[in-house]
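Student: The structure under discussion is supplied below as structure tokens; questions concerning it will follow.
The values are calculated or read from the model by the stated rules, or taken from the named source; none is laboratory data. Source: prediction; values computed, not measured. All Cβ positions, even for glycine, are placed from backbone atoms using ideal geometry, and neighbour counts span all protein chains on display. In case anyone asks, the SASA skips ligands and DNA or RNA and just uses the protein heavy atoms, side chains included. Shrake-Rupley method; radii C 1.70, N 1.55, O 1.52, S 1.80 Å.
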Amino acid sequence: DYLSDIEAQLQLTRDNLLTVEAELEDAKAELSALQADPFHLHNPTFDEVISFLQEDETDSNPYIEDEYVCTHFARDVNDNAEDQGIRCAFVVLHQPRQSHTIIAFETIDQGMVYFEPQSDERVRPIIGKEYWRCVEPRPGYYYPKPPFDDTILDIVVIW
């Protein structure tokens, strides 16, 4: 009986080994595909974007004039999204005297959606509209009109 038990355990171990070997081959094939295309990014769902932004901590970085500004926030969120396989765009909003940088995602369920990387607030940019009016502020917040003209003259989306 002891020998029969050992043989049964041996057969079970062989079966498990075959399963693990098959999983290893699948993992190798997946790794080879990723290595062939290491920059494979996907367009997320809207909920995936919201989850990513909630987890991403870039918006907690301090804004430092001439050192860490909107372009740095956008760059960092973009890099973090791509590190997770999420396709994210760098968006430049040209204004009369300056430019402002935000981010965007081409979602599979809601199309192109834009966000302010400094606060994770949704933005609906429209050429000819003042930027501060395009931001959907978080509950309890509002955006006052800035002391400069922030009318959006052009929107450049860079993938």
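Student: Going 7 Å from the Cα of T45 toward and past its Cβ, which residues in segment 111-129 have a backbone nitrogen under 16 Å from where you end up?
Tutor: Taking a point 7 Å out along Cα→Cβ of T45, the residues of segment 111-129 whose backbone N falls under 16 Å are 111.
Student: Mind checking the angle between helix 46-55 and the chain's longest principal axis? C-alpha axes, 0 to 90 degrees, to the nearest 10.
Tutor: Relative to the chain, helix 46-55 is tipped by roughly 90 degrees.
Student: While we're on this one: What's the angle, to the nearest 10 degrees (0 to 90), between helix 70-83's Cα axis and the longest principal axis of the chain?
Tutor: Tilt relative to the chain: about 20 degrees.
Student: Oh, and also: The list (1) 55; (2) 41; (3) 48 gives values of percent of Cα pairs over 22 Å apart, and only one came from this structure; which label was calculated from it?
Tutor: Looking at percent of Cα pairs over 22 Å apart for this model, the match is (1).
Student: Quick one: accessible area per residue over segment 1-83, 1.4 Å probe, rounded to a whole number of Å²?
Tutor: Counting only protein heavy atoms, the per-residue value for segment 1-83 is 76 Å².
Student: Share of the chain's accessible area from carbon and sulfur, percent, 1.4 Å?
Tutor: 53 percent
Student: With n ≥ 4 as the cut-off for DSSP H runs, can you work out [θ] at 222 nm for the chain, using -39500 (n - 2.57) per run divided by the number of residues, rounded to the nearest 500?
Tutor: One gets -12500 deg cm²/dmol as the mean residue ellipticity at 222 nm.
Student: Within 10 Å, count the other beta carbons around each residue, average over each peptide in 70-78, 11-19, and list them highest first.
Tutor: Taking the mean over residues of other Cβ atoms within 10 Å, the ranking is 70-78, 11-19.
Student: What is the packing order of peptides 142-150, 83-91, 60-68, taking the mean over residues of other C-beta atoms within 10 Å and listing the highest first?
Tutor: 83-91, 142-150, 60-68
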